[in-house]
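Heads up: the structure comes next, in structure tokens.
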């Protein structure tokens, strides 16, 4: 089923379907191709080192302005559209992405080195995410409608009629991530939640998979056209260094930013946004060690299984997950020795695999060596297989240090984005707690414990609640469910704003703000706030949650 | 009834009640008086010019550190307390404030020049606000609990059990405002919402009413002690220039900031917070013109009544409300001339009254003159009564300019905090819309129109939705209801974060963040997330809102 069938009422006149036969290498500015002329670059196949056609043309600052101005105009239209239209758009995007079929998977495979099976799964997740946001928008209760009816007789002063709901913020700039070419990129979680909230989106494509970005961008452009929405609702911008990205953040029409990537890049965007005449929020999901605490009972009862699970988790996707467990905290003991032996054996037998880009591989090696070169750190095991540099391979390894040494050297908390983890061995439970207390903000924190361990873990859990956005018990942190109860974020430096998630349906709360309507006649009230509750929303009326009409 | 009776279970051993017989002039650091030694200052009675005993001692940076460290320790305790304890504390604070009786009202009257009747009303509002937050905390549903139960059989991957709720952020720094010595000060909306959310509070007292601040601070200290909570939960800090305030914002233990005041001061706090190694949110409610659009039908039908209402609104509290209408937009016409004559006559007959501080009066005069000195601006009317400088009196006035001139001179949008408003007269509806489009972010925007006006006002309303946090029809913006549906905030520069309110029950969302609990055994789950729903909360279970147990 094409996007046309899925999203349009039959009486609507279809616009001519835009067909892109192949990659153009140009930005997509409100549905129009960008101009050539600036610097060009090519994506590189990390598994072979070969460059991939076509040349991609960096956008000019004038083109950035074109995209943002078109977005601001499109916002005036899109913000007034009913929820059903937004939902149809999200579903049409999913349908168009699926319609790209093998073309998309093969290009993404060539640009990222990620296996086709993984990419197939990520595509399904991305399309499922778009459809989940469509369902949330159709349900409508996310707008948190609140009504305090007038109390004309109240003493000493009457109360006016007050009604409040969330409305869309405005144009949102999204930076595609390196490690999720579908799910955190052109039509990923940031874009889906911004469009769901009613905001236009301008994506800065990630250089490493610019072709994948263009294909998905074309799909979005087709869906926008198929839904007869203004083309300015979506633009895709190619850029080289920081200048295009910073210009997008600083543009007066930009009202919010979504970003997934390194701490340095995220912080630069936050600083640029905070320095604007009118600062805007940046939702940057940056770096995290994702500490895993292994409590003694669990190590005793199932140390070998934990070693296997941990190895699988920290080497998943060649260790290039933001939730990769990069820090493991254990207590000294005979069972811990056995666990470490099992872990070391597993690592020795692990395979090397192609990382996303040569630059990521280099940074991984540098950060890993920064950690392992510090005093008191022993490399416990390295995969016996040698990594092939031409294939951009990363080699799994694990290192060991003491809790005392970890507390002495804050640099040991450096994230090495790749298949590496550091085990910290404490002498006492108090030392383990001290390590927990020394942690900076994290996306996740994990505990493995048996019933006895967990019964005594209240203090540790309370501490980790203050450090992380998601707490995991007896599982591993990789794998982030896209659902209502997910929270993917955490205190700084894991994310720039601990109050918001970048995964799950609550993600659209990032791109909305409340407006209160006082004394409005029925005809001017947004439909979500009308007496009859025609949308059937769950609303807060006089402080009581209800779907009843007034 | 004292706070002891109202808030404590009978079996609890009461701590010795702390008695402050009079003002000490010292900071209150986790229940202990600050040391003398630094610079001192006195409050000034603006109605007489006399300085008021005692001397107030500025806190040292060491004392700021003491307060913040104590807050961080108190947080570890307070965050674990049940909702009932937080509610009891809020109610105990209200009771203790009421118990201060005339002492508090007289001191506030002397320090601010505000009439006793107004202060009595503001005290009632402040105590009502504390009790409203207590009710919200008892209700509990504000934590937005979400549960996605495990789906172990799901293909291709099982779903783990995921549960999410809001938890307290950490110590919150609050800056008392000049214009609401009770409602936006030591135990005002910021403090109430932070304590409700589970956060300790450190207040920077406003210099202009340091004695009022100490009295209310003593009341909070007594309530904290009466509820047997850690003294570090609350501190009150006196300070002079920006250094103490900036140190509070930059302290590593601070997790969020609430502020009400000028744009320059608010922006300085935002910049300091954004430059921290770990940036924190600042909720600064700053400046707003609160434009009032008078549509032709309304002016024709009830121009005189609108003139009376507008005069009352822009001179209320000597124009020292953040929601004061400082800009009035009308269309040229015979009825508009009559309206302007009625307004001018009203202003001529208006009285001068004591402003909050000599500094505020000076700034008012300067900003008013900055506006009226611009080309194309005519002073329409000034109160005939002469202001008495020794009484710090502000003199009501109104000026007139054309829409073309307003669009030409952005400086005409300068806020003059005091009893002044600028009328902008447009030649056409299109010019009125152009003025609306040129506005920066506002706390409020108001429309007066008859049925015919409003039926044609869709474009204007849509535009103002993007400019303001609250839209008012056929009323005036002064007077901010403390309720569930209130939104007091708006796009920059009215507030630093348009997504949050500083008035109303949604204000506590500023001081909380979500945490997701994955695979937690029942015994470790927060009570709000337990299967049986023992608190009876409205929760989102599998995407459906329900109070049912799992």
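Quick note: the coordinates plus some simple rules give every number you see, no bench work behind them. If you're wondering where the values come from, they're calculated on a predicted model, not measured in any experiment. Please note: Cβ atoms are built from the backbone with ideal geometry, for glycine as well, and neighbour counts cover all protein chains shown.
The antiparallel fraction among DSSP beta bridges confined to the protein assembly as shown stands at about 40%. Each label was represented as a point 7 Å from its Cα along the Cα-to-Cβ direction; for residue A:80 and residue B:452 these points are 2.3 nm apart. Per-residue shielding of A:442-455, expressed as the average number of other chain Cβ atoms within 10 Å of the residue Cβ, stands at 1. How would you classify chain A from its alpha-carbon gyration tensor, with a ≥ b ≥ c the square roots of the eigenvalues: rounded for a/c under 1.5, else prolate if a/b is greater than b/c, otherwise oblate? Verdict is oblate for chain A. Figure legend: label point modelled 7 angstrom from the Cα of residue A:548 along Cα→Cβ; residues of segment A:498-539 with amide N under 15 Å from it are A:531-533, A:537-539. Helix A:296-315 and the longest principal axis of the C-alpha atoms of chain A enclose an angle of approximately 60°. Could you give the distance between the Cα centres of segment B:356-387 and segment A:274-330, to the whole Å? Comparing the Cα centres of segment B:356-387 and segment A:274-330, I get a distance of 60 Å. Counts of other chain beta carbons within 10 angstrom of each beta carbon in peptide A:471-478 average 4. Note on B:460-466: average number of Cβ atoms from other chains within 10 Å of each residue's Cβ is 4. Once the Cβ-Cβ distance between residue B:117 and residue B:390 is put in as r, and R0 is 30 Å, what FRET efficiency do you end up with, to the nearest 0.05? Efficiency, rounded to the nearest 0.05: 0.80. The calculated FRET efficiency for the pair residue A:138 and residue A:338, based on their C-beta separation and a Förster distance of 41 Å, comes to about 0.20.
Placing pseudo-labels 7 Å out from each Cα toward the beta carbon at residue A:525 and residue A:228 gives an inter-label distance of 3.0 nm. Placing a label point 7 Å from the Cα of residue A:118 along the Cα-to-Cβ direction, the distances to the matching points in the other copies come to 6.5 nm, shortest first. The slack in the chain from residue A:106 to residue A:61, taken as 0.36 nm per residue of separation less the alpha-carbon distance, amounts to 13.0 nm. Computed on the protein assembly as shown, the Cα convex hull volume stands at 168 Å³ per residue.
Using only Cα atoms, tell me the angle between helix B:83-99 and the longest principal axis of chain B; keep it within 0 to 90° and round to the nearest 10. Here the helix axis deviates by roughly 50 degrees. Looking at chain A alone, DSSP beta bridges between its own residues are antiparallel in about 40 percent of cases. Comment: the Cα-to-Cβ extended label point of residue A:77, at 7 Å, lies 6.1 nm from its counterparts in the other copies, nearest first. Residues of segment B:362-377 with an amide N closer than 17 Å to a point placed 7 Å from the Cα of residue B:404 along the Cα-to-Cβ direction: B:375-377. Packing-based ranking of A:487-494, B:480-487 yields A:487-494, B:480-487, ordered from highest to lowest mean Cβ neighbour count within 10 Å. Find how many whole Å separate the alpha carbon centroid of segment A:47-124 from the alpha carbon centroid of segment A:187-245. Centre-to-centre distance over Cα atoms comes out at 5 Å. Between residue B:278 and residue A:276, the modelled labels are 2.6 nm apart [label points 7 Å from Cα along Cα→Cβ]. With label points set 7 Å from Cα along Cα→Cβ, the inter-copy distances at residue B:99 are 7.2 nm, sorted shortest first. The peptide list B:52-65, A:371-384, put in order of mean Cβ contacts within 10 Å with the highest first, becomes B:52-65, A:371-384. DSSP beta bridges fully contained in segment B:292-473 are about 20 percent antiparallel.
Across chain B, Cα pairs under 8 Å and at least six residues apart give a relative contact order of 17 percent. For segment A:394-524, the spread of Cα positions along the three principal axes, ordered from largest to smallest, is 69, 39, 26 Å. Taking each DSSP H run with n ≥ 4 as -39500 (n - 2.57) and averaging over every residue of the protein assembly as shown yields -11500 deg cm²/dmol at 222 nm. Nearest to the axis that brings chain B onto chain A is this chain B residue, judged by its Cβ, with the distance in whole Å: B:274, 2. Over segment A:292-473, with a single point scatterer placed on each C-alpha, what log10 of the ratio I(q)/I(0) does the Debye formula yield at q = 0.09, 0.18 1/Å? Ignoring solvent entirely, the Cα scatterers give -0.29, -1.20.
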